[in-house]
Structure formats: structure tokens, C-alpha cells
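Quick one: the structure is below, questions incoming.
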């Protein structure tokens, strides 16, 4: 197990470095393809995320989606638990949540059917390497046990990795969206 932890740590370190370079390269319209994908699901309850550090920013796509149905952001309750999702609207009052992610000041929880998922690295088979807390894996497992739940990874193309150290508990993505392409699995 320690071997896998060190392999994952090395994969994360390399992916963070690639993500930082992609983030610094900038450029407009990075959420354009995500907006196009989400337009096909107008009105379906969904969750995005508030970008932290050098994550790609899905907020422009979330703003468009919020005009047609409920949009939430993840709220960490505590370590070891699945995420909850609080309704977010453009311009709503935010406060700092765990790990520095902004969350709505007023909790209005609901269960999304589509999750736009942040990540550290991804592969072309639907694999996702997260931050290591297992929050999205637990959450997707719980939601998928109740109903079909679409997991859309959103990251820079530079975060792609061909050799991810995955475990059986890692929940797969259904789709991956980067600033350059949409990949379906």
C-alpha cells in the first residue's frame, strides 16, 4: 500500500506541474466546450466547482447552466464522508470552505445528477486521479447507487496521463472535457 501511495504522490506532483504551466499559459474561452456539453442537459440538476489554485475555471459554464436549472458546488462536511452540494447562483454570497474552496454562505443542499469534477490527472479510459481524500469517489458511488449520475471531468489537456495509478474504489468518469476537446468513454 505504501508503494501505491508513493506512486500516486509522484503522479500528482507531475500533474500539478503540468497543470501550473497550462494555467499560466492562460487564454480565453477555456470553459467553452464545457458550456456546449452542459447545454445538452439544460434543466438537469448539476454541480460544478469553484476553482482553487491552478484549477481550470468552470464558472462561465456554470453561469450559463444556472439560467436553466439548479447548479450547486461541493461542500465538504468532514473527512471520510461524501460531499454534499449546495445551490450556487451567479453573484451569490460566498464564504471560504475547507481547503480554500468558496461555498455559498447559505446552505441549500440538493442531489445533482451531473457532476463536473475537478481532478489532478486523467486518462483516456475514464480514469481520474484526485487529491487523495476520496470525496468524489465516495460521492459518485453513493449517487450512482440511487440513480444514473453523469461524472464529467474538467481539466486542462496538459493534465492527461497515460499511466494513472488507479484503485478498484476509484469511480470512473463518463466524459472528460478540456479546453481543447471532449472525450467520451
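The values are calculated or read from the model by the stated rules, or taken from the named source; none is laboratory data. These figures come from a predicted structure and were not determined experimentally. Cβ placement follows ideal geometry from the backbone for every residue including glycine, while neighbour counts extend to all protein chains displayed.
Only residues that are surrounded by 13 or more Cβ atoms within 10 Å (Cβ to Cβ) and part of a helix (DSSP H, G or I): list them for the stretch 15-31, please.
If the condition is that a residue be surrounded by 13 or more Cβ atoms within 10 Å (Cβ to Cβ) and part of a helix (DSSP H, G or I), then 15, 16, 18, 19, 20, 22, 23 are the ones that fit.
Which one is farthest from residue 39 (Cα to Cα), of the residues in the stretch 142-160 that are surrounded by fewer than 18 Cβ atoms within 10 Å (Cβ to Cβ) and in contact (Cβ under 8 Å) with a residue 40 or more places away in the chain?
Per the criteria, the residue is 142.
Would you say residue 62 is closer than 19 Å to residue 152 by Cα, buried (at least 17 other Cβ atoms within 10 Å of the Cβ) and in contact (Cβ under 8 Å) with a residue 60 or more places away in the chain?
no
Could I ask something else about it? Of all residues in the stretch 161-176, which are in contact with a strand residue (DSSP E or B) (Cβ under 6 Å, 6 or more places away or on another chain) and either surrounded by fewer than 22 Cβ atoms within 10 Å (Cβ to Cβ) or over 20 Å from residue 114 (Cβ atoms) (or both)?
Matches in the stretch 161-176: 161, 164, 174, 175.
Mind listing whichever residues of the stretch 32-55 are under 14 Å from the mean Cα position of the chain (by Cα), under 18 Å from residue 143 (Cα atoms) and in a loop (DSSP other than H, G, I, E, B)?
Passing the criteria: 48, 49.
Another question about this same structure. Quick one: is residue 82 over 29 Å from residue 169 (Cα atoms), touching a helix residue (DSSP H, G or I) at 6+ places or on another chain (Cβ under 7 Å) and in a loop (DSSP other than H, G, I, E, B)?
No; evaluated as a whole, the condition is false for this residue.
Just need a number here: residues in the stretch 85-101 that are surrounded by 17 or more Cβ atoms within 10 Å (Cβ to Cβ) and modelled with pLDDT of 95 or more.
Residues flagged as surrounded by 17 or more Cβ atoms within 10 Å (Cβ to Cβ) and modelled with pLDDT of 95 or more within the stretch 85-101 amount to 4.
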